[in-house]
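Contents: one structure, followed by commentary.
The values are calculated or read from the model by the stated rules, or taken from the named source; none is laboratory data. Please read these numbers as outputs of a predicted model, since none were measured by experiment. Cβ sites come from the backbone with ideal geometry, for glycine too, and all protein chains shown count toward neighbours.
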Amino acid sequence: MGLTNHLKQHRARLNLTQEELGRRVGVRRQTILAIEKQHYVPSTLLAFRIARELRMRVDELFELDEETAASPRARTSGKRRSPAQAGKVH
């Protein structure tokens, strides 16, 4: 998928159920399950909420797969595009 996580192990370390963690971060149990099974990549905000509840940094909980990190699509050219170039002309 591109992003691996250690959510299940760290949730278990704190004796939290999927339901309890979901309630604390504002999502359903099914969302926590989908993240644990690598079926869903959480938003940045949700990733930070989960990490905070598990008392750890986001980069300790989630990490890029080596294959994804090395892919040309994962890199940027360093050039900034104007809103017009990005198709955001108002």
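Here are the numbers:
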{"item": "Hits in region 49-66 (condition: in contact (Cβ under 8 Å) with a residue 40 or more places away in the chain and surrounded by 16 or more Cβ atoms within 10 Å (Cβ to Cβ))", "result": "Ile50, Leu54, Leu61, Phe62"}
{"item": "Search result, residues across region 1-37 that are under 23 Å from Glu66 (Cα atoms) and surrounded by fewer than 14 Cβ atoms within 10 Å (Cβ to Cβ)", "result": "Met1, Gly2, Gln9, Lys37"}
{"item": "2 or more residues at pLDDT 95 or above: qualifying helices (runs of 4 or more DSSP H) within the chain", "result": "7-13, 18-25, 29-36, 44-53, 58-61"}
{"item": "Close pairs (6 angstrom Cβ cut-off, 6 or more residues apart or separate chains): farther than 16 Å from Leu16 by Cβ in region 26-48, surrounded by 15 or more Cβ atoms within 10 Å (Cβ to Cβ) and basic (Lys, Arg) anywhere", "result": "none"}
{"item": "All positions within region 12-39 that are closer than 16 Å to Arg52 by Cα and acidic (Asp, Glu)", "result": "Glu20"}
